[in-house]
Amino acid sequence: MQANPRHLAITILCEHSKSRLPVDQLRDRILELHQFASPNDKQLTMALVYGVLRHQRYLDFILSEFSKHPLQKMKNLTLQALRVGLFQICLMDKIPPSAAVNETVKALRQAKQPKWLTGFVNGLLRNIVRKKDEAKPCSSKTMPLTVQFSHPDWLFERWKKRYGEEKTTQICQTNNLQPSLSLRVNTQLIDRDQYIDALCKINIGAEPGITSESIRLLHFKGHISRLPGYENGYFMVQDEGAQLISLMLCPLPQGKTLDACAGLGGKAIHLAQMLPPESELVAIEPDKNRFSLLLQNMVRMKQGSQLRVLQTNLADFRSQTDTLFQSILVDAPCSGLGVIRRHPDIRWNRCENDLERYQTNQIDLLNEASALLSSGGSLVYATCSTEPEENELVVAKFLESHSDFRIDKPQEIPETARNMIDAQGYLRMLPDKFHDGFFAAKLLKA
């Protein structure tokens with residue numbers, strides 16, 4: 001049986017609401033069990049899931065204005081179906097409202113919901129269609145900004161205190177956009193301009209990014225495996241901010257480099273491609289699934305001669321090695337509040353108290369990594385968070401107990417990104433059209 005995009009979107013949202021697992025994990029697990037009539041159906045499923053998560057608070061506000069039945073008393077399945085239907089009505093211009101209602105009701109019937117419930121959903125959505133102008137974003141003067149831009153109160157207020165209301169509103173608007181797609185070209189195999197020409201020949205718009213290896217794809221909607229040279233390792237999908245973090249550690253010295261939290265390997269492979277001859281990069285990752293993807297990316301990107309990967313965590317690795325490294329990258333696990341645009345469920349899965357918990361783990365990682373760094377070596381600490389508790393406060397606490405370290409200004413940040421390095425030498429990036437939010441600090445061991 002071919003998959004119904006609305007039914008699958010509702011299923012994924014229901015699972016996310018119950019488990020609070022990252023929506024990417026649920027997406028991959030659920031979608032691999034279904035067949036789609038066309039790639040467009042799969043894209044529609046994910047557009048609905050991510051769209052509802054991006055605009056969830058706004059959608060609930062509209063639903064509560066029209067529904068006599070309180071949202072908090074609705075079944076999870078009913079509420080998610082209403083959100084999916086309303087998102088199509090209010091925020092997907094290419095789908096006729098009647099089709100949005102009919103297909104949403106059809107998805108509930110496929111889920112074997114009783115007639116009275118499908119009738120309730122049908123009636124509520126059709127009533128909203130009749131009064132659609134009242135449900136458009138920004139139409140209500142009484143709608144709070146946190147509702148209008150669909151962010152938690154605590155997060156909006158803490159950004160407002162730091163950046164002001166106008167900048168905070170811009171960040172929220174950026175978080176609700178579909179993320180741009182950036183590539184890092186494998187310049188060991190192909191020149192960036194050559195690859196841009198190859199894309200243009202097949203009518204894929206592209207332009208140079210902020211680094212000498214980055215490319216911004218313009219309006220590309222297909223799967224990355226369809227891009228030329230994917231199997232040949234010509235490129236890796238990587239945010240421009242993430243590429244800058246790798247450059248923070250450069251120039252890499254002769255010897256050994258450690259990526260202490262390698263994840264899927266984007267930064268590890270980037271660093272490996274910049275290693276001097278007769279040097280080695282060790283990349284460690286404890287999670288089984290991420291480590292498997294790291295291996296796949298390493299093979300596809302034609303890396304291996306200078307890159308060694310291990311499935312372990314930093315504490316265990318330290319206890320089992322006597323090796324000292326000349327440079328270390330600690331891309332620490334964090335709240336992810338700088339990458340909400342790519343992971344819209346993060347805003348609903350985090351609370352302010354989480355920041356202290358992340359900070360404790362981040363300082364532990366820095367302590368472990370510092371013991372593996374040779375004298376005169378460099379350590380880059382990075383997060384995809386915008387929050388001080390995970391960024392400069394972590395660095396400050398680390399320096400308090402490590403007098404042999406000092407902040408060092410990066411040397412190889414491109415001129416186009418110099419404005420992102422502040423007076424202290426920190427890399428700070430807020431989410432915008434072309435990149436996510438990142439922080440990085442380069443520390444030098446005396």
Counted charge near Leu181, where neighbours are those whose Cβ lies closer than 14 Å (Asp, Glu -1; Lys, Arg +1): +3
Mean-position separation - Cα centroids, the stretch 311-376 and the stretch 166-191, in angstrom: 23 Å
3J(HN,Hα) from dihedral phi, the stretch 374-391, Karplus parametrisation 6.51/-1.76/1.60, rounded to Hz, x for glycine, proline: 6, 4, x, x, 10, 10, 9, 9, 9, 9, 9, 10, 9, 9, x, 4, 9, 10
P(r) weight above 17 Å for the stretch 5-148, C-alpha pairs, percent: 59 percent
Other-chain or far-sequence residues with amide H under 5 Å of Leu181's (modelled H): Leu217
Square roots of five times the Cα gyration tensor eigenvalues for the chain, Å: 42, 25, 20
Counting DSSP beta bridges with both ends in the chain, the antiparallel % (nearest 5): 55 percent
MRE, 222 nm, helices only [DSSP H, n ≥ 4, -39500 (n - 2.57), over the chain, to nearest 500]: -13500 deg cm²/dmol
Additional length obtainable on full extension of the chain from Lys433 to Ser98, 0.36 nm per residue less Cα span: 117.3 nm
Positive-end residue, the chain charge dipole about Cα centroid, Cβ charges, pick of Ala417, Phe405, Leu252: Ala417
Separation in nanometres of the label points that stand 7 Å from Cα toward Cβ, at Gln110 and Ile407: 5.3 nm
The stretch 244-445 - share of DSSP beta bridges that are antiparallel (%, nearest 5): 45 percent
Radius 11 Å from Cβ of Pro410, net charge of other residues (Lys, Arg +1; Asp, Glu -1): +1
Highest-MSF residue in the chain out of Leu13, Leu249, Leu21 [GNM, Cα springs under 10 Å]: Leu21
Extension gain (nm, one decimal) between Asn349 and Asn76, 0.36 nm per residue minus Cα-Cα: 96.6 nm
Inter-label distance for Ser305 and Asn203, nm, one decimal - labels placed 7 Å from Cα along Cα-to-Cβ: 4.0 nm
In nm, spacing of pseudo-spin labels at Ser375 and Arg162 (7 Å Cα→C-beta vector): 3.8 nm
Fluctuation leader among Ala371, Ala268, Ala260 - the chain, Gaussian network, Cα springs under 10 angstrom: Ala371
Charge context of Pro251, other residues only, Cβ under 13 angstrom, K/R +1, D/E -1: -1
Cα long-axis angle, helix 76-91 against the chain (0 to 90 degrees, to the nearest 10): 90 degrees
Length added when fully stretched, Leu444-Asn313, from 0.36 nm per residue minus Cα-Cα: 44.8 nm
Gaussian network model of the chain, springs between alpha carbon atoms under 10 Å - residue of Ser98, Ser212, Ser385 with greatest fluctuation: Ser98
Projected area, mean over directions - the stretch 244-445, Cα convex hull, nm²: 11.4 nm²
Estimated FRET transfer efficiency when R0 is 51 angstrom, pair Asp153-Asp191 (beta carbons, to 0.05): 0.55
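Read-outs: derived from the displayed coordinates by stated rules, not from any lab. Remember, it's a predicted structure, so these values are computed and weren't measured experimentally. With ideal geometry, Cβ positions are generated from the backbone for all residues, glycine too; neighbour counts draw on all protein chains shown.
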